[in-house]
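Structure first, commentary second.
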Amino acid sequence: ATGSSGARELVKEALERYGLSQADAGQYVLCDVVGRFEGAERRWQTEGLRVLSDAEKPLLIQDLWKPREGFSRRLELRRRVEVEELASRDVDTTTAGQSRARALAGAGRGSGSSS
């Protein structure tokens, strides 16, 4: 992956690396996730995620901003269906009842990918 790699390209590369068919790339999305490691076991706790659109350049985006102190940022490959299910359950009260994940899940559909 390079700074010029798009999210869709990285999804396809990840599927290839894990021995999955690139034909299934539309079933997956790349997510920009902010969270932190908590507890003695240092388990990852997701605080927020955003589905990247197919054309976004994930490595460039990560260089543009860092999360606040105590938090980390990572890219995660997730099934589109799982993100949409999360969106239907996750209501963020800080945005007047709008579903944070739902708005974000819709963002991943911008470049002609199908559900």
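The values are calculated or read from the model by the stated rules, or taken from the named source; none is laboratory data. Keep in mind that this is a model prediction, so the values were computed, not measured. These area figures cover heavy atoms from the full protein model, side chains too; ligands, DNA and RNA do not enter into them. Shrake-Rupley method; radii C 1.70, N 1.55, O 1.52, S 1.80 Å.
Would you be able to say whether some residue in the stretch 56-70 is open to solvent by less than 80 Å² (accessible area, probe 1.4 Å), within 19 Å of Ser4 (Cα to Cα) and in a loop (DSSP other than H, G, I, E, B)? Yes; the residues of the stretch 56-70 include at least one that is open to solvent by less than 80 Å² (accessible area, probe 1.4 Å), within 19 Å of Ser4 (Cα to Cα) and in a loop (DSSP other than H, G, I, E, B). Residues in the stretch 23-39 that are farther than 15 Å from Gly70 by Cα and open to solvent by 80 Å² or more (accessible area, probe 1.4 Å): Ala23, Gln27.
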